[in-house]
Amino acid sequence: MVGIVGYGAYMPRNRIRVEEIAKVWGADAPSYKRGLMLEEKSVPSPDQDTITMSVEASKHALRRAGIDPQEIGAVYIGSESHPYAVKPSGTVVAEALGATPEVHTADFEFACKAGSEGMYVVLSQVEAGHISYGLAIGADTSQGAPGDALEYAASAGAAAFIFGKQNIVASVDLTYAFMTDTPDFWRREYQYYPRHASRFTGEPAYFKHITGCARGIMEKAQMKPEDFAYAIFHQPNGKFPMRVGKMLGFKREQIEPGWLVPKLGNTYSGSSPMGLTATLDIAVPGDKILMCSYGSGAGSDGFIFTVTDRIEEVRDMAPKTRVMLDSNKNYLEYGTYAKFRGKINKITE
Amino acid sequence: MVTPARYWREIPQRYRLEAGKCTRCGKTYFPPRLVCACGAREFEIVRLKDEGTLQTFTVIRVAPSQFVDEAPYAIGIVELNDGVRLTAQVVDCDVEHLEIGQKVKVEFRRIQTVGEAGILCYGYKCVPV
Ligand SMILES: [Zn+2]
């Protein structure tokens with residue numbers, strides 16, 4: 001049996017409210033909040049990026065796994081905001097954790113699906129017996145262009161999972177992938193902000209791929225929505241995961257524990273993986289969990305997990321995701337946020 | 001300016017808080033030393049605890065050029081829970097309300113960005129808990 005041995009999340013302390021962004025652009029905050037079901041989002045400090053958040057989330061996962069970092073045979077980081085264009089994020093993270101030098105690292109990229117891709121690959125490595133333990137991380141400090149609809153959602157966070165065959169907290173019962181070539185969102189080389197195909201990002205992109213993935217994996221597993229205690233779908237805004245859940249026959253109570261987006265924003269590669277960490281924080285042994293990520297371009301990775309008895313022992317060993325979401329927050333004004341995110345820069349001599 | 005070679009040499013301390021613990025008397029040095037006060041030269045590498053208490057601090061208001069955007073910021077001396085002291089920037093806090101005795105934890109952060117095209121330097125900073 002292969003599964004998650006340890007898990008952890010990390011998010012920055014800073015937040016900005018939808019009203020604060022809307023005020024600057026003369027947009028109607030109540031209609032954004034209603035339409036996107038968003039209230040606020042996380043913002044990284046100037047010294048935080050995909051690498052630093054990956055390290056912190058992984059430290060939490062290591063505490064819950066209770067293993068020596070030297071036993072980690074692979075470190076895979078999925079992100080669309082790797083700090084370097086050329087130079088891996090994975091080497092820094094593996095070195096900071098103390099997993100080097102006998103370790104395989106790779107940086108994954110597939111818009112918001114990069115984190116679940118790392119999970120998918122590391123799982124196969126463990127299953128094949130090539131490594132004893134593998135670490136997969138989804139992390140992003142994503143940016144929306146000023147005034148663009150994406151600016152209200154694009155946030156920062158990370159989730160890390162250690163997979164192995166012993167001391168499992170949630171077994172992976174089945175995986176499934178659903179992918180087509182769909183140009184709904186992209187960023188060209190040397191461009192600072194991504195572009196998106198507006199309404200085209202909905203039906204033929206997000207909804208088609210997540211329903212394709214969820215229906216495919218449930219059929220393969222011969223399971224129905226009511227067989228699952230919880231389901232996590234990618235969260236680009238508050239509305240989409242609730243709507244796709246309803247389309248598939250899931251109830252609000254199954255989705256809500258992992259539905260972090262109204263207060264967190266869209267953490268891109270961290271999105272559904274962070275939802276999974278929040279769900280594991282409250283799950284009980286025997287619970288079945290469905291997770292379907294989504295990455296523009298476009299595809300969805302599906303996982304079915306079964307929670308084991310060990311969850312009770314490990315969940316308090318590191319900060320819980322909702323505790324980080326709801327406590328110790330620091331609200332920013334738009335000016336500070338713009339400075340933190342490099343949207344405005346001081347003149348240099 | 002930080003060169004890649006100098007940065008790379010300090011990675012064990014900057015990334016993992018690796019200290020040297022004297023195998024004879026048990027005294028721990030961060031950064032590690034070659035000779036202990038007791039005269040012994042044999043050390044074991046230990047990783048320091050990532051939680052501690054702020055012992056003292058100063059607020060930098062006129063910063064060196066590479067940190068000018070961060071001012072005002074706090075530099076503190078932190079005693080980690082294993083008794084070892086280190087100097088670190090204290091971030092994610094209001095420097096006007098920072099107090100001695102504050103419990104902090106060590107987090108991995110970006111320390112410096114070398115110009116527009118240079119390397120990114122990572123290491124430890126402290127944040128209030
Ligand atoms: Zn000694």
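Points to keep in mind about this one:
- Among the protein heavy atoms, those of residue B:120 account for about 20 Å² of accessible surface (1.4 Å probe, every chain in place).
- Where labels lie 7 Å past Cα in the beta-carbon direction, separation of residue A:85 and residue A:219 in nm: 4.3
- Per-residue ellipticity at 222 nm, computed for the protein assembly as shown from helices alone with -39500 (n - 2.57) per DSSP H run of at least four residues, works out to -7500 deg cm²/dmol.
- In the complete set of protein chains, residue-level accessible area for residue A:247 is approximately 80 Å², probe 1.4 angstrom.
- Of interest is the spacing of the C-alpha centroids, which for region A:68-99 and region A:5-29 amounts to 26 Å.
- Heavy-atom accessible surface of residue A:192, to the nearest 10 Å², is about 130 Å², with a 1.4 Å probe and all protein chains retained.
- Those lysines that a straight Cα-Cα span of less than 28 Å connects to residue A:288, excepting residues fewer than 8 apart in one chain: A:59, A:113, A:165, A:208, A:220, A:224, A:239, A:246, A:251, A:263, A:320
- Neighbouring partner chain Cβ atoms per residue of B:5-13, average, 10 Å criterion: 1
- Extents of the protein assembly as shown, taken as max minus min of Cα coordinates on every principal axis and listed largest first, are 71, 54, 38 Å.
- Largest-first ordering by accessible area, 1.4 Å probe, given options A:33, A:41, B:103: B:103, A:33, A:41
- The shape of chain B comes out oblate: with a ≥ b ≥ c from the C-alpha gyration tensor, a/c is at least 1.5 while a/b does not beat b/c.
- Peptide B:103-109 has a mean shielding of 5, counted as Cβ atoms of other protein chains within 10 Å of each residue's Cβ.
The values are calculated or read from the model by the stated rules, or taken from the named source; none is laboratory data. All values derive from a computational prediction rather than experimental measurement. Ideal geometry is used to build each Cβ from the backbone, glycine not excepted, and the neighbour counts take in all protein chains shown. To get the accessible areas, we keep the full protein, side chains included, count just its heavy atoms, and leave off ligands, DNA and RNA. Shrake-Rupley method; radii C 1.70, N 1.55, O 1.52, S 1.80 Å.
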